[in-house]
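> Have a look at this one.
The values are calculated or read from the model by the stated rules, or taken from the named source; none is laboratory data. In this text the structure is predicted, and so the values were computed from the model without any measurement. Please note: Cβ atoms are built from the backbone with ideal geometry, for glycine as well, and neighbour counts cover all protein chains shown.
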Amino acid sequence: MRLSREVPDHLVKEVGQTEQICMEFARGVVFLALDNSRDPTFPRNHLLACIADDFLETAVTLSIMAREGIHNACRRELRSLLEMSIKLAFVQQASVASSTEEKMTLFRRELDSPNISLRKRINLSLLPEPQREPFCEHVGRLYGESSNYVHLTTIQVQRKLEQIDSGRKSGVETLEEVAALNHEIHRNLAAAFVFVSHSVPSFAVGDLFLSPDGLSHIWQLGTDKYIAYLDEHFDYKHERQSILDKVKEERWSKVVDA
């Protein structure tokens, strides 16, 4: 693929991190889909079998747009991704055994609505009970922030005015702007992955998070505290018992804003 611009030297590191975050998220979703496909009912009964490509496309799109300096469109994609992951988890939990076609009939209203209050009706069993309500509140804030860019809003216009006043234009972003976008992408992709993880059996999530030696899966999303809590859920596994102190120390030493 040939992109339309050369990334300025001062942005290379941050843009590279954007691409890494997005691709690791995509690989995680694809892993869960493939691992769960061992169930012969997966292709016809699991919504993820239909929309895994949408997660992949969005992750790739985010990476390309961020590289091109198209930040507001990135934020709109993040809102769509978060909404999609919430609906996936809700619908899949609500009717595991029904076919995808039946799910579309049963949950047409929920699927067609942009309302994400569904998140409060999802069983977040892989998170510690005290973290479930704070996570839902966190998701609500993320969704609200990205919603400022779906329609024309005063926040969006104000930021454009500030950009113009400083003599900058789209595609000529600062290091601080790219770093801020990375932070938004990281938080939203981590939250989305929590919901995707609750749409599949826990064994598939455990297969991703637990290395054969008992250590945690190493990836950029692992610095998010809610991803760390997902990982923590599998501390009961036999592979971790002899090295549990090491696993806990390494996990939480990497978490930002714990």
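> If a residue must be buried (at least 20 other Cβ atoms within 10 Å of the Cβ) and either out of contact with any Leu (no Cβ under 8 Å at 6 or more places or on another chain) or β-branched (V, I, T) (or both), how many such residues does region 233-250 contain?
Adding up the residues that qualify gives 1.
> Is there a residue in region 42-54 that is in a helix (DSSP H, G or I), among the polar types (S, T, N, Q), closer than 30 Å to T100 by Cα and touching a Pro at 6+ places or on another chain (Cβ under 7 Å)? Spell out the reasoning first.
Narrowing region 42-54 to residues in a helix (DSSP H, G or I): 42-45, 47-54.
Checking which are among the polar types (S, T, N, Q) leaves us with 45.
Still in the running and closer than 30 Å to T100 by Cα: 45.
Now restrict to residues that are touching a Pro at 6+ places or on another chain (Cβ under 7 Å): none.
Checked against the condition, which is being in a helix (DSSP H, G or I), among the polar types (S, T, N, Q), closer than 30 Å to T100 by Cα and touching a Pro at 6+ places or on another chain (Cβ under 7 Å), region 42-54 yields no hits at all.
> Which of (1) exposed (fewer than 13 other Cβ atoms within 10 Å of the Cβ); (2) over 30 Å from V157 (Cβ atoms) does D112 not meet, given it meets every other one?
Looking at each condition in turn, D112 falls short on (2).
> Now for a separate question. I need a count of the residues in region 215-238 that are part of a loop (DSSP other than H, G, I, E, B) and without any contact (Cβ under 8 Å) to a residue 40 or more places away in the chain.
Residues meeting the conditions: 5.
> Closer than 30 Å to Q163 by Cβ and not in a helix (DSSP H, G or I): which single residue out of V15, V7, V60 fits that description?
V7
> Looking at (1) surrounded by fewer than 19 Cβ atoms within 10 Å (Cβ to Cβ); (2) touching a residue at least 40 places away in the same chain (Cβ under 8 Å); (3) within 15 Å of F203 (Cβ to Cβ), which one does L34 not meet, given that it meets all the others?
It fails just one condition, (2).
> State whether the residues of region 54-66 include one that is surrounded by fewer than 19 Cβ atoms within 10 Å (Cβ to Cβ) and at pLDDT below 95.
Pass one, region 54-66, residues surrounded by fewer than 19 Cβ atoms within 10 Å (Cβ to Cβ): 54, 56-57, 60-61, 64.
Of the ones still in play, those that are also at pLDDT below 95 are 64.
Yes, there is a match, as at least one residue in region 54-66 is surrounded by fewer than 19 Cβ atoms within 10 Å (Cβ to Cβ) and at pLDDT below 95.
> Return the pair list, or none, for Cβ contacts closer than 8 Å from residues in region 124-139 that are farther than 17 Å from D231 by Cβ to residues that are of a type in the set (G, A, S), at least 6 apart or on different chains.
H138/A191; V139/A191
> Ok, one more. Among the residues in region 173-189, are any of a type outside the set (D, E, K, R), in contact with a Cys (Cβ under 8 Å, 6 or more places away or on another chain), touching a residue at least 60 places away in the same chain (Cβ under 8 Å) and within 24 Å of A49 (Cβ to Cβ)? Working first, answer last.
Initially, region 173-189 is screened for residues of a type outside the set (D, E, K, R), giving 174-175, 178-183, 185-186, 188-189.
Those left that are additionally in contact with a Cys (Cβ under 8 Å, 6 or more places away or on another chain): 181, 185, 189.
Subsequent filtering for residues that are touching a residue at least 60 places away in the same chain (Cβ under 8 Å) retains 181, 185, 189.
Subset that is within 24 Å of A49 (Cβ to Cβ): 189.
Yes: region 173-189 contains one or more residues that are of a type outside the set (D, E, K, R), in contact with a Cys (Cβ under 8 Å, 6 or more places away or on another chain), touching a residue at least 60 places away in the same chain (Cβ under 8 Å) and within 24 Å of A49 (Cβ to Cβ).
> Being at pLDDT below 95 and buried (at least 22 other Cβ atoms within 10 Å of the Cβ) is the filter here; which residues of region 16-31 pass it?
Listed by number, the list holds a single entry, T18.
> Just one of (1) surrounded by fewer than 20 Cβ atoms within 10 Å (Cβ to Cβ); (2) more than 18 Å from the chain's Cα centre (by Cα); (3) closer than 18 Å to F193 by Cα; (4) not acidic (D, E) trips up S253, so point out which.
Only one criterion in (1) surrounded by fewer than 20 Cβ atoms within 10 Å (Cβ to Cβ); (2) more than 18 Å from the chain's Cα centre (by Cα); (3) closer than 18 Å to F193 by Cα; (4) not acidic (D, E) is unmet by S253, namely (3).
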